[in-house]
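The values are calculated or read from the model by the stated rules, or taken from the named source; none is laboratory data. On a predicted model such as this, the values are computed, not experimentally measured, just so you know. Here the Cβ positions follow ideal geometry from the backbone for every residue, glycine too, while neighbour counts run over all protein chains shown. Accessible surface areas use protein heavy atoms only, side chains included; no ligands, DNA or RNA. Shrake-Rupley method; radii C 1.70, N 1.55, O 1.52, S 1.80 Å.
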Amino acid sequence: KCKLEFKDQSTQSGPPSKSLKPVLCFDTTGANSLICAGTEKTGSDSYILFWDARSSNLMGGYWESHSDDVTCIKFNPDKGNVFASGDTEGMVNVFDINENDEDDALLASHNTEDSVAKMTWFRKKVKMDYLAISTHTESLQVFDTEDSQMLHNFTREDVAHSIRRTGAQHVYIVDMIEQQEQGFLLLAASRYANDKCLRFSTFKNKKLKPHINLPLDVRDRQVVRDCVQIPGSQVFVTGSEGGIVDVWKPGASPVEDSFKIKV
């Protein structure tokens, strides 16, 4: 049973005539008190909307900083008032929601010159001021939000090299996972039919280096779409288009710790 419904039916400039705005992504603050969502381009604008998570009241929105579909929203784990948003036109924006209006809230912008797929905050030393950004062309960028500059740009070939694959055209990025000490893990895969693989590389000291191989069995997972790490452990969970959810932990086989979703 649905207890709360979050939507925005305010009018927008230009067509379509329907006022509901299709949501593509969302995130919550660390305290789970605020829900922030990014929408498709609706009329002539793309929206970032805010709701009170306890009451579902719409608290406001931004619509001047993105001009295409907003594909990713990520709150900073250390700074609950700061979040990043990315769109298909390639723009990444960082906002401080404590400010009163959108112009003042905008802290930094970065043009990836690509289409943003996913983002992950991570720390270097003690500062959680860095973003790992994956794109729809399977490249990876590292952005320093404090100094507003791109630090590294890894091509699809670089990603393939980091998981020890030579056929970059078969390689795709699954996700990036922040590590507690510093840096992040990059999970990438190869869909090459004769030798599929799923592997982690690690970002440290300005480089992507091979890290962990996740041994696949013969079942057809198709494309692996997402990965999360169980907090405080070395256990990872992946989900795939083939309807298989795998739980990966040291010393376990994929057959022992996976299950197929049946609808």
key: Net charge dipole size for the chain [Lys, Arg +1 and Asp, Glu -1 on Cβ; Debye, nearest 20]   = 1360 debye
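Near ASP87, within a Cβ-to-Cβ distance under 9 Å, what is the net charge of the other residues, with Lys and Arg +1 and Asp and Glu -1? Walk me through the numbers before you get to the answer.
Details: positive: LYS41; negative: ASP68, ASP69, GLU89.
Around ASP87, the surrounding residues sum to -2.
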inquiry  = Quick check on the chain: take the gyration tensor over C-alpha atoms, sort the square-rooted eigenvalues as a ≥ b ≥ c, and tell me if it's rounded (a/c under 1.5), prolate or oblate.
reply    = prolate
message = Within the chain, what whole-number % of the accessible surface is contributed by carbon and sulfur, with the 1.4 Å probe and all protein chains included in the calculation?
response = 49 percent
query = For segment 47-148, what is the convex hull (Cα atoms) projected area averaged across all directions, in square nanometres?
reply = 6.6 nm²
query = So who's got an amide H within less than 5 Å of the one on ARG123, skipping anything under 5 residues away but keeping other chains? H placed 1.01 Å off N, in plane.
reply = GLN179, GLY183
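Rank-order 26-39, 54-67 by packing density, defined as the average count of other C-beta atoms within 10 Å over each peptide's residues, highest first. Before the final figure, lay out each step's value.
On the way: 26-39: 17.5, 54-67: 15.1.
Going from most to least packed, we get 26-39, 54-67.
What number comes out for the charge environment of GLY167, summing +1 per Lys or Arg and -1 per Asp or Glu over other residues with Cβ under 15 Å away?
Working: positive: ARG156, ARG164, ARG165, ARG191, LYS196, ARG199; negative: GLU138, GLU157, ASP158, ASP195.
Every neighbour counted, the sum reads +2.
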ask   = If VAL218, VAL92 are ordered by their accessible area, calculated over protein heavy atoms with a 1.4 Å probe, which sequence runs from highest to lowest?
value = VAL218, VAL92
note = Long-range amide H partners of THR71, meaning residues 5 or more apart or on another chain whose placed amide H is closer than 5 Å, are GLY86, ASP87, THR88
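Which FRET efficiency value, to the nearest 0.05, is calculated for SER44 and ALA168 with the Förster distance at 35 angstrom and r the Cβ-Cβ distance? It would help to have the intermediate numbers written out before the result.
Numbers: r = 37 Å, r/R0 = 1.06.
After rounding, the FRET efficiency stands at 0.40.
Assuming 0.36 nm per residue, please report the length gained on full extension of the stretch THR137 to GLU64 beyond their Cα-Cα distance.
Numbers: separation 73, 0.36 × 73 = 26.28 nm, distance 2.58 nm.
Between THR137 and GLU64, full extension yields an extra 23.7 nm.
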ask   = Can you list the residues, at least 5 places off or on another chain, whose amide H is less than 5 Å from the amide H of HIS152, using H built in the peptide plane?
value = VAL142
request  = Could you calculate the contour length gain from LYS204 to ASN111, that is, 0.36 nm times the residue separation minus the distance between their Cα atoms, to one decimal place in nm?
outcome  = 31.1 nm
remark   = Quick calc, ASP195 & VAL228: beta-carbon distance into FRET formula, R0 22 Å, rounding 0.05, result 0.25
inquiry  = Can you compute the modelled spin-label distance between LYS124 and HIS152, with each label point 7 Å from Cα toward Cβ, in nm?
reply    = 0.9 nm
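Here is the link list: LYS79/LYS249; LYS118/LYS206; LYS41/LYS79. Which ones come out longer than 26 Å on Cα distance?
Numbers: LYS79/LYS249 30 Å; LYS118/LYS206 20 Å; LYS41/LYS79 28 Å.
Table pairs above 26 Å Cα-Cα are LYS79/LYS249; LYS41/LYS79.
Using a Förster distance of 22 Å, how high is the FRET efficiency between LYS249 and HIS211, based on the Cβ-Cβ distance and rounded to 0.05?
FRET efficiency, LYS249 to HIS211: 0.90.
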Heavy atoms of SER148 accessible to a 1.4 Å probe, total area in Å² rounded to 10 = 60 Å²
